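Note sheet for the following structure.
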Amino acid sequence: MPNKYGFTHLLLVPPDFHSYFKGRLDEERQELFLVLPIHHCDYSGNESRELFIEIRQHTNPALDWQREVTPQALLRFENPRTKGGAGNSTGVPVRFSLIDNEIRNLNGIESGFMEVTGVRGDFVEILSPSPDKYMFRTQFDNEPRTMNQDEVINAVWEFLVARDQ
């Protein structure tokens, strides 16, 4: 069957993760699964109810079949210059455009950091010890790789949309 939207998977969402027909057909909705077409990097299927709802509400317009690929990304960061941060231990769901912006803001901030967790639960760390110099490390790397700003932005995108790690 042709797939003009580019989706790779279907996500079966149990009734306690969505509110369709809630309060009207409560008994019948116990068997009501929401089926969403997704890209391989949107959802793992292991998200908590709270995380699933937050991603759907704020970062992934799952009902828009013409949406662009929106990889799942949880961001933790601290930037003393901008006083921005999301030091939450698990990170907060964000769109890639925010990650791109925060990488640019991190430029040359020696005491700042970023950590991005992808759909598979693995993560990358980004530091910028001096202007136009970034250190990029996956959780599997022993040593960080030195990159420029564009290389880091591309590396994070590739990390988030990669099918296998």
Global geometry of segment 99-145, whether rounded, prolate or oblate, following the gyration tensor of its Cα atoms and the 1.5 cut on a/c: oblate
Hey, can you grab everything whose amide H is under 5 Å from the amide H of His39? Only 5+ residues off in sequence or another chain; H modelled, so Pro and N-termini drop out. Thr8
Where the centroid of each part is defined by its Cα atoms, how far is segment 135-165 from segment 18-87 in Å? 24
Once phi is turned into ³J(HN,Hα) by the Karplus curve 6.51 cos²θ - 1.76 cosθ + 1.60 with θ = phi - 60°, what whole-Hz value does each residue of segment 38-43 show in order, with x for glycine and proline? 9, 8, 4, 9, 6, 9
Note, segment 70-77: 3J(HN,Hα) by Karplus (6.51, -1.76, 1.60, θ = phi - 60°), whole Hz, Gly/Pro = x, goes 10, x, 5, 8, 10, 10, 10, 7
Projected-area mean, segment 47-165, by convex hull of Cα positions, square nanometres: 7.6
For a protection proxy built on the mean count of beta-carbon atoms within 10 angstrom, sort 17-23, 115-121 highest first, please. 115-121, 17-23
Under the rule of at least 5 residues apart or a separate chain, name every residue whose amide H is placed under 5 Å from the amide H of Gly84. Asn79
Rolling a 1.4 Å sphere over the protein heavy atoms, what is the accessible area per residue of the chain, to the nearest Å²? 59
On a 0 to 90 degree scale, rounded to 10, what angle separates helix 149-161 from the longest Cα axis of the chain? 30
Which of the GluC sites (Glu not before Pro) found in segment 17-104 are loop residues per DSSP with 11 or fewer other Cβ atoms within 10 Å of their Cβ? Glu27, Glu68
Just grab the label-to-label distance for Thr146 and Asn3, each label 7 Å out from Cα along the Cβ direction, in nm (one decimal). 4.1
Would you mind checking the tilt of helix 49-58 against the longest principal axis of the Cα atoms of the chain, expressed as 0 to 90 degrees and rounded to 10? 70
Lys/Arg Cβ at +1, Asp/Glu Cβ at -1, dipole of the chain taken about the Cα centre: which of Ala86, Gln57, Tyr134 is farthest positive-ward? Gln57
Everything considered on the Cα gyration tensor (a ≥ b ≥ c; rounded for a/c under 1.5, else prolate if a/b is larger than b/c, else oblate), segment 9-59 must be described as prolate
Can you list the trypsin sites (Lys or Arg not before Pro) in segment 123-165 that are in a DSSP coil and have 15 or fewer other beta carbons within 10 angstrom? Arg163
Amide H neighbours of Leu34 under 5 Å, at least 5 residues apart or on other chains, H built in the peptide plane: list them. Val13
Sum up the charges of everything whose Cβ sits under 12 Å from the Cβ of Pro61, counting Lys and Arg as +1 and Asp and Glu as -1, but leave Pro61 out. 0
Ignoring ligands, DNA and RNA, what percent of the accessible area of segment 9-59 is carbon or sulfur (1.4 Å)? 52
Residues with beta-carbon under 15 Å from that of Leu25, excluding Leu25: net charge, scoring Lys, Arg +1 and Asp, Glu -1? -2
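The values are calculated or read from the model by the stated rules, or taken from the named source; none is laboratory data. Please read all numbers here as calculations on a predicted model, not as lab measurements. Heads up, the Cβs are rebuilt from the backbone with ideal geometry, glycines too, and the neighbour counts pull from every protein chain shown. Heavy atoms of the whole protein, side chains included, go into the accessibility calculation; ligands, DNA and RNA do not. Shrake-Rupley method; radii C 1.70, N 1.55, O 1.52, S 1.80 Å.
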